[in-house]
Amino acid sequence: MSIKYALLAILAERDLHGYELKSSFDHKVGEFWSLNYGQIYSTLDRLEKEALVTHDREMQEKRPDRKIFSITPQGREELAEWLATPVGKIRALRDEFFIKLVFMDKDDPGPLLALLDKQKALYLKQMSKLTQRKMALKKAAQGPDSLTGELLMDAGLFHAEADIRWLTLCEAKLKAAVDRKKTSKR
Amino acid sequence: MIELNKVGRMYRQGNREVHALKDISLMIGKGEFLSIMGPSGSGKSTLLNLMGGLDQATAGEVFMDGRPLHAISDNELTLIRRRRIGYIFQFFNLLPLLTAEENVGLPLLLDGLPFSEVRPKAAALLRQVGLHDRSEHRPEQLSGGEMQRVAIARALITGPAVILADEPTGNLDSHTSEEIFLLLRSLNEEGQTIVMVTHDPKAAAYGTRIITLKDGTLAEDMVIGETAS
Amino acid sequence: MKLLNLLRHISLKHLHLQKLQLVMAVSGICLGVAAMVAIDLVNRSVLKSCEDSINHATGRAVLQITGGEAGFPEEMLERVQKLPGVEYAVPVIEATGGLTGDKERALMILGIDVLQDHHIRDYSITDESAEIPDPLLFLAKRDSILLTRTLAGQIGIGIDQEVNVQTVAGLKTFKVRGLLNPEGPARVAGGDIAIMDVYAAQMAFGKVGSLDRIDVSFLPGQDFDTMKARIEAALPPGYDVDTPAGRTRQVELLLGRFRTSMRLVGCMALFVGMYLIYNTVSISVVQRRREIGILRALGGGRMQIAALFLAETLAVATFASLLGMALGLGFAQASVGVVAQSVTEMYLRTSVSELVFSWPSLLLNAGIGILASLIAAVFPSLAAARVTPVSAIRAVPYAADDFLRGWRIKFAACLCLLIALSCLVAFEVASPASPAKNLGFVVVAVILLLLSISLITPVLFAWTLPLTHNLLAFCFGAQGRLAGLNLQKNITRNGVAVAAILCSIALFVSSANTVHSMRTSLFEWFDSIIRADLLVSSGHPLATGGAPTIPMPAEMLGEMEKIPGVQSVEPFRKGRVSYNGRKLMLEVFDVALRMDYCPAMIAVGKRENMARLLPDQDYVAINEGLALKERLRPGDSLVLPTPQGPVRFGVAAVIVSFSSDAGVVWLDINTYRRHWRDPLVDTYEVLVKPGAKIKEVRQAILDRFGGERRLFALEAAEFKVEVRKILDRSFVMTNAVNIITLVIAGLGIIVTLLASVFERTREIGILRGIGMTRSQVLAMVLIESALIGAIGGVLGAAAGIVIGWIEMEGMIRVDLGASIGYHVHYAALLWALLLAVGLSALAGIYPARRAATTNIVEALTYE
Ligand SMILES: Nc1ncnc2c1ncn2[C@@H]1O[C@H](COP(=O)(O)OP(=O)(O)OP(=O)(O)O)[C@@H](O)[C@H]1O
Ligand SMILES: [Mg+2]
């Protein structure tokens, strides 16, 4: 799974201990993907078992020792291979909204249409925020990191756009179905 | 800035009446960046044309800076179009035989300024939209994005109170579109009022307010960002 | 098949969409064909009526024997009658009289042998004349006359009533003994004819002992040529033995100038029609570039595209030409009367009773119209075939592909110009007899010249335009500046419009100039030969023209000189004489007198040599037309038949005279009388003593002779006015066709500008959208249109002057002589310019108004 490679990629830049690892992760992709410490540590454990990562202990006064993680040459190899491989799987359709759609009453489309509208509005607001962030990023700094940020922002925008377009399509098709029903009843 | 009061636009087709717009009331304040969305045929272009004085409402009132667009002479309307409104069309509508610079300067030429005075302003605007090295090109020698930027420069040259844009990136790629929107957005941040019709949610997200039309009526109106002041 | 499909699916829609253009193009061809049809029909009808007159008057005669103007001795009749093989030989006196009464009316009087003549001619007498006394009785009464029923009805005269007729011997009174049904000779001259006994006629018209003509028929089985030779041998030299057909050919020669000038303007009308087609098709190619591009992209071949446009032209031209046939018939019907009158006044008596309707001629003219249209459409159709598929995909503006400004076009223009020039040079240097002296060369040259001008016009336009920029900006402000900018940017399209206007105007100006030159030359010549103070004639006041006259006796001269206030009197006599198959006009003066008060216009030769014309030297002067056609120069000589036998005359000089298209010979009156033995005079030209009042002298002359005969004494000025009227009438048809040309030219201008402004509907929509006021739109289009019109008009006027000169050189001077001057018709130039500017502006207003007032949103979606 890709948490593994994300952690490897972060460690490839420099050695970090667990806490630093999480904040770096959040900084880079936190926008879309939130992790808790448990997930991080269990993944690190797995990586150590596969010998892709090792750790050193760092002594601390008054506190327990900290583990500082670093990537092994094997790990680097694996990371390079992963980066070069295209992603085979399409995004999974297990959005909460889809479940709602399945269980909504299709004979009385009123509530569903209202929901679609609200959902769309929500997405639009999100997009507006993303756009503002993107522009702030653009203005603030010029560098590889800000470009990555911008691209991720764009990805978010495009996904949201796709959702909005899909919602619009749902709306149009539902309406058309209702119209058809009305005319066939007459 | 722009105020619409129970505006309707009806077309007659034989003896059938087609209501492209019904009972639209809307206030657009200074500095707003309003996006108009809605399905095809919902009346977006019609609405924009009414605001721009290109078309006349068949019902209701349209005010621009407090002047009633529905009740003034064609000449006054034309002067408003020339001096107060910058219109950006979907298909650019540049005059094919004029160079970029001449196209940009056209509204001022119409106002009676000699080209020698118009030229520096046009050149400055072309620089602003990043086309200073294309000023002698004719439209067919420009790409779609470049043509649209020329059109934007033309819309800006009179320092209009409002810019109206109808799907300004309708047939441009995402990257080029984004440049156009960023340009519009930065203009808006400097206080320029903008009204833009679009199908593209990404584009709409640059705005500060989005209205949605459905079957010629105002279906939704939401503020999504703060208006620059 | 494919072509038909395209025509049905595409062309029909366009025809529908471009109704206005279609209407204009159809009117253009229609008018052109109508003009040609009308001219052809009128020409034919007039000629036919002249021939008919001759044929009715000659009846079954196979040969006609004529002598000099004053007739020949009547002994000749017996000689001919005695010849073996001759069936009948009947005497004829042919004279002109004037019916006096409320209205002056010229009358042809035929003196015939009452007992013999029915063998040659058929007469039928109306019922009320049934108890006509036997011929002997008719004969016995010298004052007997037969009138036609038509004429009698018109002047309100019945049997046994008296009519007064003006004759050589003064006023005579005749008694109407019977009326003729309109048959045979009674149809001559539309019925204005009277029949008398030949001996009575001899007495009445001072021709005792002589005859004007002998009409001969042969016994069956006689060989024509041997008979003709036998008759000629039996007569002294100097007699004409001719067939009636030979006489009609002479009529054709006589009407030569008239017919040439009519045909010329007909050609011009067709030229302009052709240009209209060229123009319409070009515009349609421009407008349909996108469509052509799409067709090409979908797999339409070049030739298919060209064929499509040609087929469209064919369809339109066929329809328009058929319409033109009908319209031409109408024109002909309306104008034939005036033309016939003019021919009567200028050449010979005729009255056209009906149009000669000939299907072959109608169809030929329609065919020429169709062919001309197709030729005109070839070039733009080929241009259509050159449109590339890309132009459909990328909406490249028309101006951007510089097909019309490329080196190919310049090359083609130069080539056309070169060929045109070589045609002209070949024509100029060729001797009159060589095959290169062909009208075809000139026509080709003119067409090529026009083509090269229209090809080069965009370039010319591009040069001219910058000159107007500052002026426009200065005069008209923003819209002026914009108009200038627009014109400058779209040189190709506007160049095409300018070319269209240029050609229209050029053709109009050239034909106006040609006609004006002929008219001016005629007037100048006329002014030059009329220097007397008073012109005294009997009967027709225009004794000098080709029309028949009633001569006066020579003795009047002496008596007229005695009238106080008269300084000198000069006799003028005219006649006809055969030479190489032409009936030359003999103009006889008192040369000694004339040389100092009214010197002739000399075309070739020295003025001093005119003295050779003086009595006792057999010299004549001839006119340019004759000199050109018979290749005679001063110093040459020509043999003319006289009643005394053939006489060789030297040519003293070549003079300017337009009296007759067949040729004119000037002769001193003493020389004439010596050879022709003819004492009569047609006109006395009176010079009044200095100080004497012309009006008084005139009254004195009228008083002196009033009792004996009716005289017309016209002051020179009045006379000239009359002549001008008559000459102007002879140009009536030409002027009408010129106006048609102008109308077609106007249509061309309108089509061009309509198209070019309509094409800009979207552009005007954009301009309106970004803040151009309606009045600014109007002003802009108006300025542009007017400017296009002005530039086209000026260039066209210049080209028209050149083309007019070529036509003059190639078509008129060849027949009438080099001294017919080229006169620019300034009024026509002014009209042409006004028309070009005015019509252009007007034609711009309508579409501009439409574009300015249509909904901007709609204008923006206009394709
Ligand atoms: N000239 C006209 N005559 C009749 N109906 C018209 C006319 N112009 C527009 N309409 C109708 O008015 C309605 C609104 O048209 P409009 O062009 O404003 O739609 P739109 O929202 O801009 O659509 P799109 O997104 O496709 O551009 C449509 O139903 C259209 O058919
Ligand atoms: Mg629209």
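What follows is calculated from the coordinates using simple rules that are stated; it is not laboratory data. These figures come from a predicted structure and were not determined experimentally. Note: ideal-geometry Cβ built from the backbone for every residue, glycine included; neighbour counts use all protein chains shown.
Points worth noting:
- Among B:Tyr11, B:Tyr87, B:Tyr206, residue whose mean-square fluctuation peaks in a GNM of chain B (springs only between Cα atoms under 10 Å): B:Tyr11
- Chain B: Lys pairs at Cα distance under 29 angstrom, eight or more positions apart or on different chains: 15
- Interchain or long-range residues, amide H under 5 Å from C:Leu63's placed H: C:Val216
- Partner lysines whose Cα lies under 16 Å from the Cα of A:Lys49, excluding those fewer than 8 positions away in the same chain, are identified as A:Lys4, A:Lys67.
- With a 10 Å cut-off around each Cβ of B:128-141, the average count of Cβ atoms from other chains is 1.
- Straight-distance crosslink candidates among aspartates and glutamates, where the alpha carbon sits under 13 Å from A:Lys182 and sequence neighbours closer than 8 are dropped: A:Asp107, A:Asp108
- DSSP-loop GluC sites (Glu not before Pro) across segment B:75-166, with at most 16 other Cβ within 10 angstrom: B:Glu136
- Given charges at Cβ of Lys, Arg, Asp, Glu: chain C dipole, positive-most of C:Phe508, C:Phe309, C:Gly484: C:Gly484
- Peptides C:416-424, C:624-632 ranked from most to least packed give C:624-632, C:416-424, packing being the mean of other C-beta atoms within 10 angstrom over each peptide's residues.
- Here the calculated FRET efficiency for C:Glu809 and B:His199, from their Cβ-Cβ distance with R0 = 60 Å, stands at 0.25, rounded to the nearest 0.05.
- Candidates B:Gly43, B:Gly105, B:Gly170: whichever shows maximal mean-square fluctuation once chain B is modelled as a Gaussian network with Cα springs under 10 Å: B:Gly170
- Fraction of beta bridges assigned by DSSP in chain C that are antiparallel (%, nearest 5): 75
- In sequence order, segment C:306-315 has phi-based couplings of 4, 5, 4, 5, 5, 5, 4, 4, 4, 4 Hz under the Karplus curve 6.51 cos²θ - 1.76 cosθ + 1.60, θ = phi - 60°, and Gly or Pro positions carry x.
- Of every Cα-Cα pair in segment C:539-710, the percent that sits beyond 19 Å: 57
- With the helix formula -39500 (n - 2.57) applied to DSSP H stretches of n ≥ 4, chain C reaches a computed 222 nm mean residue ellipticity of -19000 deg cm²/dmol.
- Order by protection proxy (mean Cβ within 10 Å, highest first), peptides C:200-213, C:662-675: C:662-675, C:200-213
- Computed from label points 7 Å out along Cα-Cβ, the spacing between A:Ala84 and A:Lys175 is 5.2 nm.
- The calculated FRET efficiency for C:Phe411 paired with C:Phe474, based on their beta-carbon distance and R0 = 35 Å, is about 0.35.
- Packing-based order for C:28-37, C:593-602, using average beta carbon neighbours within 10 Å, highest first: C:28-37, C:593-602
- For segment C:539-710, the number of Lys pairs separated by eight or more positions or lying on different chains, with C-alpha atoms closer than 26 Å, is 9.
- With a simple spin-label model that places each label point 7 Å from the Cα along the Cα-to-Cβ direction, the separation between A:Ala114 and C:Leu115 comes to 13.4 nm.
- Those residues of segment C:626-667 whose amide nitrogen sits under 16 Å from the label point placed on C:Ala611, 7 Å along Cα→Cβ: C:652-653
- Relative contact order of segment C:559-675, defined on C-alpha pairs under 8 angstrom at six or more residues apart (%): 33
- Computed FRET value (nearest 0.05) for B:Ile72 with B:Ser25, which takes r as the C-beta separation and R₀ as 22 Å: 0.60
- All-pairs Cα distance distribution in chain A, expressed in whole percent, bin size 5 Å: 1, 6, 11, 13, 13, 12, 11, 9, 8, 6, 4, 3, 2, 1, 0, 0, 0
- Dividing the convex hull volume of the alpha carbon atoms of the protein assembly as shown by its residue count gives 280 Å³ per residue.
- Shielding score for A:122-130, defined as the mean number of other chain Cβ atoms within 10 Å: 5
- Cα lying deepest toward the dipole's positive end in segment C:539-710, options C:Val681, C:Leu586, C:Val697, charges on Cβ: C:Leu586
- Percent antiparallel among DSSP beta bridges (both partners in segment C:539-710, rounded to 5): 70
- Each Cα pair of segment A:96-185 feeds into the Kirkwood radius, which the Stokes-Einstein equation turns, at 25 °C and 0.890 mPa s, into a diffusion coefficient of 162 µm²/s.
- Rel. contact order, % - alpha carbon contacts under 8 angstrom, at least six apart, chain C: 18
- Length-normalised contact order of segment C:63-242 in % [C-alpha pairs under 8 Å, at least 6 apart]: 39
- Among the residues of C:474-480, the average count of other protein chain beta-carbon atoms within 10 Å of the residue beta-carbon is 2.
- Using a simple spin-label model with pseudo-atoms 7 Å out from Cα toward Cβ, A:Ala140 and A:His17 lie 2.7 nm apart.
- Full extension of the segment from C:Val732 to C:Arg648, taken as 0.36 nm per residue of separation minus the current Cα-Cα distance, would add 26.2 nm.
- Dipole size of chain C about its Cα centre, with +1 on Lys/Arg Cβ and -1 on Asp/Glu Cβ: approximately 4180 debye, rounded to the nearest 20.
- Angstrom value of the Kirkwood radius, inverse mean 1/r, which spans all Cα pairs in chain C: 30.6
- Label-zone membership for segment B:116-150, site C:Gln488, 7 angstrom Cα→C-beta point, backbone N under 11 Å: B:116
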